[in-house]
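*Asks:* Got a structure for you, questions after.
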Amino acid sequence: MSAKRLVMAPEERAVSPSSKQVTPRPRLPDWFRTSLPTGEKLAAFNQTKNTVTKNTMATVCQEARCPNIHECWGRGTATFMIAGEECTRGCRFCAVGTIKSPPPLDADEPARLADSVSTMGLNHAVITVVNRDDLADSGADHYKQCIDAVDKLCPDTTLELLCSDLAGDLSALSMLLEDSPLAVFAHNVECVPRLDKTVRDHRASFSQSLSVLEEAKRLRPDIMTKSSIMVGMGETPAEVVEALHMLRASNVDIVTLGQYLAPSAKHLAVSSFPTPGQFEEWADIAKDIGFKAVASGPLVRSSYRAGELLEQIVQSDM
């Protein structure tokens, strides 16, 4: 059997964004072939999987069906998802399940998360969250408890939080970031502004996301801020550049750009596949307008090689 594989079956079908009609999903270009881990990387993949399973931790790698799971887990890294396995929002791009009334938060989760990070011996840990619109603080206090628990057990591990928009509650954001050991605060705008209503839940918006990112940087200028844009949803190249300028104007330090892939036929259909050359062009533009670190490519996701992006900034500041 070949060590290469396609990250998604090319003959699956997708729903058109403008109707309920089911249409054939476009065949994936050749650059979507990825390598399965072997040897030491396979051993690291299995160890990561066992650690996640042992501590009953959810990961965005699994829940969002990330195409980089074999590469990242083969490196001994994972992006942990806290506050539940289902989200209170229903964005049309996301593979994570939706629920109106989630179960109560797990009081043992901070300790289990810290134990997972410690067992894996991570230099950099990424913690992401589901939206918890059912909670008065949108889950901010629980997120803070998880971050603090990891920092207490693993003080040498740099921490990155991929946060929700906290329903735009800047006071909850302030509480979350006060005395936080975070190295990176991330929140994704997901798409260009024009596509908000097509792509994201009605409670989310580009402007609200920008306000959260901008306020995070104002509150904690020592923490790197980060965001991500998916393409292939109907945007134009010019709109991507405009979105990059808007993010940088809000003092975002790190940006990632990647290709959207529909998780199922019920999700938003892919509209286009920008070439690797187009992603390189966007990366050059992002660097030129002042982002401190950039990852741009078809298989890039918001947490892709997150520790390496932070290290780029550290090295450049030395």
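The values are calculated or read from the model by the stated rules, or taken from the named source; none is laboratory data. For clarity, every value in this text was computed on a predicted model and none was experimentally measured. Here the Cβ is made from the backbone with ideal geometry for all residues, glycine too, and neighbour counts use every protein chain on show.
*Asks:* With the checklist (1) surrounded by 15 or more Cβ atoms within 10 Å (Cβ to Cβ); (2) more than 18 Å from the chain's Cα centre (by Cα); (3) touching a residue at least 24 places away in the same chain (Cβ under 8 Å) in hand, flag the one item Gln312 doesn't pass.
*Replies:* (3)
*Asks:* From Ala262, Ala216, which residue is part of a helix (DSSP H, G or I) and more than 15 Å from Gly297 (Cα to Cα)?
*Replies:* Residue meeting the stated conditions: Ala216.
For every residue, the table says whether it meets (1) modelled with pLDDT under 95; (2) surrounded by fewer than 21 Cβ atoms within 10 Å (Cβ to Cβ); (3) of a type outside the set (Phe, Trp, Tyr).
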| site | (1), (2), (3) |
| --- | --- |
| Asp133 | no, yes, yes |
| Asp141 | no, yes, yes |
| Cys146 | no, no, yes |
| Asp156 | yes, yes, yes |
| Leu161 | no, no, yes |
| Asp165 | no, no, yes |
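*Asks:* Six or more apart or on different chains, Cβ under 9 Å: which pairs go from a residue in region 262-283 that's under 30 Å from Gly90 (Cα atoms) to one that's surrounded by fewer than 17 Cβ atoms within 10 Å (Cβ to Cβ) and among the β-branched types (Val, Ile, Thr)? Could you list them?
*Replies:* Ala265/Val22; Leu268/Thr198; Ala269/Thr23; Trp282/Val241
*Asks:* Given Val255, Val270, which one is under 20 Å from the mean Cα position of the chain (by Cα), among the β-branched types (Val, Ile, Thr) and farther than 16 Å from Glu235 by Cα?
*Replies:* Exactly one of Val255, Val270 is under 20 Å from the mean Cα position of the chain (by Cα), among the β-branched types (Val, Ile, Thr) and farther than 16 Å from Glu235 by Cα, namely Val255.
*Asks:* Okay, next question. How many residues does region 97-120 hold that are assigned to a loop (DSSP other than H, G, I, E, B) and not basic (Lys, Arg)?
*Replies:* Qualifying residue count for the region: 9.
*Asks:* Residue by residue through region 167-200, note down the ones that are within 20 Å of Ala95 (Cα to Cα), surrounded by fewer than 19 Cβ atoms within 10 Å (Cβ to Cβ) and in contact with a Lys or Arg (Cβ under 9 Å, 6 or more places away or on another chain).
*Replies:* Selection gives Thr198 alone.
*Asks:* Scanning for something under 19 Å from Thr88 (Cα atoms) and part of a loop (DSSP other than H, G, I, E, B), does region 205-212 turn up at least one residue?
*Replies:* yes
*Asks:* Residues of region 205-219 being out of contact with any Ser or Thr (no Cβ under 7 Å at 6 or more places or on another chain) and surrounded by fewer than 23 Cβ atoms within 10 Å (Cβ to Cβ), which ones?
*Replies:* Passing the criteria: Ser205, Phe206, Ser207, Gln208, Ser211, Glu215, Arg218.
*Asks:* Separate question: Give me the pairs: first residue in region 164-180 and over 11 Å from Gly139 (Cα atoms), second residue of a type in the set (Phe, Trp, Tyr) and not in a helix (DSSP H, G or I), beta-carbon distance under 9 Å, and six or more apart or on different chains, which are they?
*Replies:* As it stands, the answer is Leu177/Phe185, since those pairs meet every condition given.
*Asks:* Is it the case that region 299-307 has a residue that's part of a helix (DSSP H, G or I) and within 16 Å of the chain's Cα centre (by Cα)?
*Replies:* Looking through region 299-307, at least one residue is part of a helix (DSSP H, G or I) and within 16 Å of the chain's Cα centre (by Cα).
*Asks:* Give the residues of region 65-93 that are modelled with pLDDT under 90, within 24 Å of Ala136 (Cβ to Cβ) and either of a type in the set (Val, Ile, Thr) or assigned to a loop (DSSP other than H, G, I, E, B) (or both), sorted by residue number.
*Replies:* The one that is modelled with pLDDT under 90, within 24 Å of Ala136 (Cβ to Cβ) and either of a type in the set (Val, Ile, Thr) or assigned to a loop (DSSP other than H, G, I, E, B) (or both): Glu85.
*Asks:* Here is a follow-up. Just the residues that are within 19 Å of Ser174 (Cβ to Cβ) and of a type in the set (A, V, I, L, M), please, taken from region 128-155.
*Replies:* Scanning region 128-155 gives Val129, Leu135, Ala136, Ala140, Ile147.
*Asks:* Then there's this: What number of residues in region 267-288 are surrounded by 13 or more Cβ atoms within 10 Å (Cβ to Cβ) and more than 21 Å from Leu309 (Cβ to Cβ)?
*Replies:* Residues meeting the conditions: 7.
*Asks:* Which one of the conditions (1) farther than 20 Å from Gln315 by Cα; (2) in a loop (DSSP other than H, G, I, E, B); (3) in contact with a helix residue (DSSP H, G or I) (Cβ under 8 Å, 6 or more places away or on another chain) does Gly290 fail to meet, given that it meets all the rest?
*Replies:* (1)
*Asks:* Here's a follow-up. Could you check region 220-243 and list, in sequence order, the residues that are within 26 Å of Leu176 (Cβ to Cβ) and crowded, with 17+ Cβ neighbours inside 10 Å?
*Replies:* Across region 220-243, the qualifying residues are Arg220, Ile223, Met224, Thr225, Lys226, Ser227, Ser228, Ile229, Met230, Ala243.
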